[in-house]
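Values quoted throughout were computed directly from the atomic coordinates according to the rules given, and no laboratory measurement underlies them. Bear in mind the structure is a predicted one, so any value in this text is a computation, not a measurement. Methodologically, a virtual Cβ is constructed for each residue, glycine included, from the backbone with ideal geometry; neighbour enumeration extends over all protein chains shown.
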Amino acid sequence: MNNSPQDMTAIVKMAIGSDSISVISWPRPVPKADQVIVEVHGTGVCGTDLHIAHDAYPNIPPVVMGHEVAGKVVEIGKEVDPKWMGLRVACETHHQVCKCDFCRDGRRNLCKNKTSMGSFVDGGFADYVAVAEELLHIIPDLITDHEAALTEPLACVCHILLDPPLINVADTVLVTGPGPIGLLAAQVARTKEDNVAVCGLEKDRMRIGIAQELGFVTTHSPEPESFDVVIECSGSESGISTGLKSARRGARYIAVGIVGHDVNFSADTILYKELLVSSGFAATPQSWNRALRLLENSQISLSPLISRVEPLKNWPSVYKDLISTDVLKIVFDPRI
């Protein structure tokens, strides 16, 4: 691949359809007045990226994919505070400029005009990405470049579980789905209550093993009506069914995993058990601050969740492996 000095390498979804994603030469971004250019050191591959590939999540191609971005600021726009130059940062994902009630209330994640990187504007599966100054967060020194790519999903989990807090002391907690989000959710839940179990299927042996290494009780078949809080992270019909059956009467059921299609489940279970159902979408500045404090206090372990680090050119094999359950989180590092 022969790039010009103004080009870079990127993973781009060129059109609707999962067969339209390629690793190609793409124009290097130029910062607007309020933006910086981040040299990407790590971008996590998320289940949402698979949904984008299959058009089960909104996207407007052509677009550079990737939204779990961390790196170093190497260029700044004319209105940006010079303090950002050279700092290691992780990036919020939304790019809309909007004055709606949600945005004015700091709930930009719910804006009807939300335009996320990696689906509506160019994201972090590339050498460089343009990001607005207000979306930057400084990475704690004890967090590596590749671990920092998991700050964004951690912020999403903090938004769902901690804003407002949904776990009380002495609660019994079940997390269904031992993927990266599930293991982040289990760790965030454990900051509130130690009694946290992780549920997975037989095919999740590797992931269940990581959960055990992190100190969690694991199960393939949780006892019915035995948990005060169920955190559903699998995004599957079977996970939803297991979660609803496992919830005690009067429990809290928290939907985290994205399904990507319609599913069938007994809605009457919610009524008969008088369940409190909640969820959350993406993250807010407040949840980003919570996530960073947890990392600064060494309350979350990120390294065990990273199965491997790959160059951008390996997208085809990464995509194939993520459909299986033999990996947890894969991080792209464009520098390798």
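Just to confirm the filter: which chymotrypsin sites (Phe, Trp or Tyr not before Pro) across the range 51-129 are DSSP coil and have at most 11 other Cβ within 10 angstrom of their Cβ?
On the way: sites: TRP84, PHE102, PHE120, PHE125, TYR128; in loops: PHE120, PHE125.
Counting only loop positions with at most 11 other Cβ atoms within 10 Å, none of the chymotrypsin sites (Phe, Trp or Tyr not before Pro) in the range 51-129 qualifies.
What are the residues whose amide H is under 5 Å from the amide H of LYS192, where those residues sit 5 or more places off or on another chain and H is modelled from the backbone?
none
Just to confirm the number: angle between the C-alpha axis of helix 285-296 and the first principal axis of the chain, 0 to 90 degrees, nearest 10?
Helix 285-296 and the main axis of the chain meet at about 80 degrees.
Quote to one decimal, in nm, the extra length available between GLU134 and CYS98 on full extension: 0.36 nm per residue of separation minus the C-alpha distance between them.
Values: separation 36, 0.36 × 36 = 12.96 nm, distance 1.35 nm.
Full extension from GLU134 to CYS98 adds 11.6 nm.
Taking 0.36 nm per residue of sequence separation and subtracting the Cα-Cα distance, how much length would be gained by fully extending the chain between SER18 and VAL74, in nm to one decimal?
Details: separation 56, 0.36 × 56 = 20.16 nm, distance 3.25 nm.
Taking SER18 through VAL74 to full extension adds about 16.9 nm, to one decimal.
Tell me, what ³J(HN,Hα) does each residue in the range 80-92 have, in order and in whole Hz, if you take phi through Karplus 6.51 cos²θ - 1.76 cosθ + 1.60 with θ = phi - 60° and put x for Gly and Pro?
In residue order, the calculated couplings are 8, 4, x, 4, 6, 4, x, 7, 7, 9, 10, 10, 5 Hz.
With loop defined by DSSP as not H, G, I, E or B, and exposure as at most 14 other Cβ atoms within 10 Å, which is the longest segment of the chain clear of exposed trypsin sites (Lys or Arg not before Pro)? Before the final figure, lay out each step's value.
Values: sites that count: LYS32, LYS78, LYS99, LYS112, ARG335.
The longest uninterrupted stretch comes out as 113-334.
Specify the angular offset, from 0 to 90 degrees and rounded to the nearest 10, of the alpha carbon long axis of helix 237-246 from the longest principal axis of the alpha carbons in the chain.
The two axes meet at around 40 degrees.
List the GluC sites (Glu not before Pro) in the range 225-295 that DSSP assigns to loop (not H, G, I, E or B) and whose Cβ has at most 14 other Cβ atoms within 10 Å. Which are they?
On the way: sites: GLU225, GLU232, GLU237, GLU274; in loops: GLU225, GLU274.
Passing sites in the range 225-295 are GLU225, GLU274.
Determine, for TRP315, TRP288, the number of other Cβ atoms within 10 Å of each Cβ, and report the residues in order from fewest to most. Numbers along the way, then the final one.
Values: TRP315 19, TRP288 22.
Result, fewest neighbours first: TRP315, TRP288.
Helix 151-162: angle to the longest alpha-carbon principal axis of the chain, degrees 0 to 90, nearest 10?
Rounded to the nearest ten degrees, it is 40.
Write out the GluC sites (Glu not before Pro) in the range 53-149 meeting two conditions: DSSP loop, and at most 14 other Cβ atoms within 10 Å of their Cβ. Kindly include the intermediate steps, with their values, before the conclusion.
Numbers: sites: GLU68, GLU75, GLU79, GLU92, GLU133, GLU134, GLU147; in loops: GLU79, GLU92.
When the GluC sites (Glu not before Pro) of the range 53-149 are filtered for loop state and at most 14 Cβ neighbours within 10 Å, GLU79 remain.
With the Cα gyration tensor of the range 157-279 giving a ≥ b ≥ c as the square roots of its eigenvalues, does the rule (a/c under 1.5 for rounded; else a/b larger than b/c for prolate; else oblate) give rounded, prolate or oblate?
Working: a/c = 1.43, a/b = 1.14, b/c = 1.25.
Cα axes put the range 157-279 in the rounded bin.
Please identify which residues in the range 206-237 have an amide N closer than 20 Å to a label point set 7 Å out from the Cα of TYR272, following the Cα→Cβ vector.
The answer is 222-230, 237, whose backbone nitrogens lie closer than 20 Å to the label point.
For the range 130-137, take each phi angle, set θ = phi - 60°, evaluate the Karplus expression 6.51 cos²θ - 1.76 cosθ + 1.60, and give the result in whole Hz per residue in order, putting x for glycine and proline.
8, 9, 5, 4, 5, 9, 8, 9
Where does the chain land at 222 nm, in deg cm²/dmol rounded to the nearest 500, when only DSSP H runs of n ≥ 4 count, each adding -39500 (n - 2.57), divided by all residues? Working shown, then result.
Details: 10 runs with 83 residues, N = 336.
About -6500 deg cm²/dmol.
Give the distance, in whole Å, between the Cα centre of the range 145-182 and the Cα centre of the range 68-134.
22 Å
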